[in-house]
1. Counting only residues that are in contact (Cβ under 8 Å) with a residue 12 or more places away in the chain and of a type in the set (Asp, Glu), which one in the stretch 179-216 is surrounded by the most Cβ atoms within 10 Å (Cβ to Cβ)?
2. Any residue that is in contact with a Pro (Cβ under 8 Å, 6 or more places away or on another chain) and without any contact (Cβ under 8 Å) to a residue 60 or more places away in the chain - is there at least one of those in the stretch 54-74?
3. Out of the stretch 102-118, which residues are closer than 19 Å to Leu17 by Cα and either out of contact with any Pro (no Cβ under 9 Å at 6 or more places or on another chain) or surrounded by fewer than 21 Cβ atoms within 10 Å (Cβ to Cβ) (or both)?
4. Could you give every pair whose Cβ atoms fall below 6 Å, whose first residue belongs to the stretch 106-117 and is in contact (Cβ under 8 Å) with a residue 60 or more places away in the chain, and whose second residue is buried (at least 23 other Cβ atoms within 10 Å of the Cβ) and in a strand (DSSP E or B), counting only separations of at least 6 or pairs across chains?
5. If we keep just the residues of the stretch 217-228 that are touching a His at 6+ places or on another chain (Cβ under 9 Å) and at negative phi, which is surrounded by the fewest Cβ atoms within 10 Å (Cβ to Cβ)?
6. Which residues, taken from the stretch 161-182, are touching a strand residue (DSSP E or B) at 6+ places or on another chain (Cβ under 8 Å) and either among the aromatic types (Phe, Trp, Tyr) or at pLDDT below 90 (or both)?
7. Would you check if there is a residue in the stretch 308-316 being more than 21 Å from Leu190 (Cα to Cα) and touching a helix residue (DSSP H, G or I) at 6+ places or on another chain (Cβ under 6 Å)?
8. Please state which one of Leu273, Leu245 is part of a helix (DSSP H, G or I), aliphatic (A, V, I, L, M) and touching a helix residue (DSSP H, G or I) at 6+ places or on another chain (Cβ under 6 Å).
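The values are calculated or read from the model by the stated rules, or taken from the named source; none is laboratory data. As the structure is a prediction and not an experimental result, all values here were calculated from the model. Neighbour counts are summed over all protein chains in view; Cβ atoms, including those assigned to glycine, are modelled from backbone coordinates with ideal geometry.
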Amino acid sequence: MTIDVHTHVVPKGWPDLEVACGGTGWPWLRIESEREAMIMIRDTEFRRVDSSAWDPSVRRADMDLDGIERQVVSPTPVFFGYDRTPAQAVALAQIFNDLTLSMVDGDSRFVPFCQVPLQDPAAACAELDRSLAAGHVGVEIGNHVGDQDLDAAGIVEFLQHCAAVGAPVFVHPWDMPDGPRLDRWMARWLTGMPAETHLSALALILGGVLDQVPDTLRLCFAHGGGSFPYWLGRADNAWHRRGDLVRGRSTRPPSEYTDRLYVDSVVFSEPALRLLVDTMGEDRVVVGSDYPYPLGERPAGNVVRTASFLTPAQRQKLLTDNANRYLYG
């Protein structure tokens, strides 16, 4: 009954986004065969994908191989459109949200998460409500909008709305810094993603967001919370020793907020998973795989299933129970 809360889709068949949304420079899909395609940004190749990104039958076959009962399907972050005008981002979100629902076609093995125009809080709330009414269960958001982190007033307004309507939120890092030191070895993904996730977790805490939003907000960070769990002790130390600079709007040390956050299990090794469970708690870790991308875990959930330190009861929590609570409250 394993539930995978971290997978992505790239639906096929979206219209010309310049015509449908306005503006230029939109991503597009270069179809190379019935089973392969390339995500393009203008004339630059961004990422190769195959039919596992859009074909439910391929996904179901892989889920059966990996022992996955249900799979949350979320947008691929390159399609967020946070740098667009609100009207363009609304049109984009509606296109991809509707295509995702068409792709899963009511199959209960898939749990669809929508995207929203996060740069406009009112529009984001409206699109979330529309998507939930249409069949989406939750929402995936990027970890920042330009220079605004998760403690920006508009994003807090959106998170409060998510709490009010009971929508789980999945936070995914995106739009990492680049430059000569990061443009080799996939360093933006290997170092930038963990750092981005760490920074945004701190923004939720030190920015006072978790003191403002009700504890009904169900929020999960991708990729094991990035480097946040590993350096939580350092954050606590700084909170106590340099509170004049570090505490911000938080009322408690960072470690006292871990019961407000979920993290997925995409950490790939037993020692890392042990740290994650020890730090975040056995009730706050859920299986995630980052399927179908090559830096994801296959078989999905393998590190949880094979971890020698987990008791049967703990393993059951990580494989199923925690995800059910995160998704449905």
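1. Glu196
2. Yes - at least one qualifying residue is present in the stretch 54-74.
3. Matches in the stretch 102-118: Ser102, Val116, Leu118.
4. The qualifying pairs are Val111/Val72.
5. Restricting attention to the stretch 217-228, the residues satisfying the condition of being touching a His at 6+ places or on another chain (Cβ under 9 Å) are 220-223, 225-228.
Going one step further and asking which of them are at negative phi, we end up with 220-222, 227-228.
Values: Cys220: 27, Phe221: 27, Ala222: 24, Ser227: 19, Phe228: 27.
Filtering first and then ranking leaves Ser227.
6. Taking the stretch 161-182 and keeping what is touching a strand residue (DSSP E or B) at 6+ places or on another chain (Cβ under 8 Å), we get 162, 167-175.
Answer for the stretch 161-182, where residues must be touching a strand residue (DSSP E or B) at 6+ places or on another chain (Cβ under 8 Å) and either among the aromatic types (Phe, Trp, Tyr) or at pLDDT below 90 (or both): Phe170, Trp174, Asp175.
7. Within the stretch 308-316, the first condition is being more than 21 Å from Leu190 (Cα to Cα), and the residues that meet it are 308-316.
If we keep only those that are touching a helix residue (DSSP H, G or I) at 6+ places or on another chain (Cβ under 6 Å) too, we end up with 309.
Checking the stretch 308-316: at least one residue is more than 21 Å from Leu190 (Cα to Cα) and touching a helix residue (DSSP H, G or I) at 6+ places or on another chain (Cβ under 6 Å).
8. Sole residue among the options that is part of a helix (DSSP H, G or I), aliphatic (A, V, I, L, M) and touching a helix residue (DSSP H, G or I) at 6+ places or on another chain (Cβ under 6 Å): Leu273.
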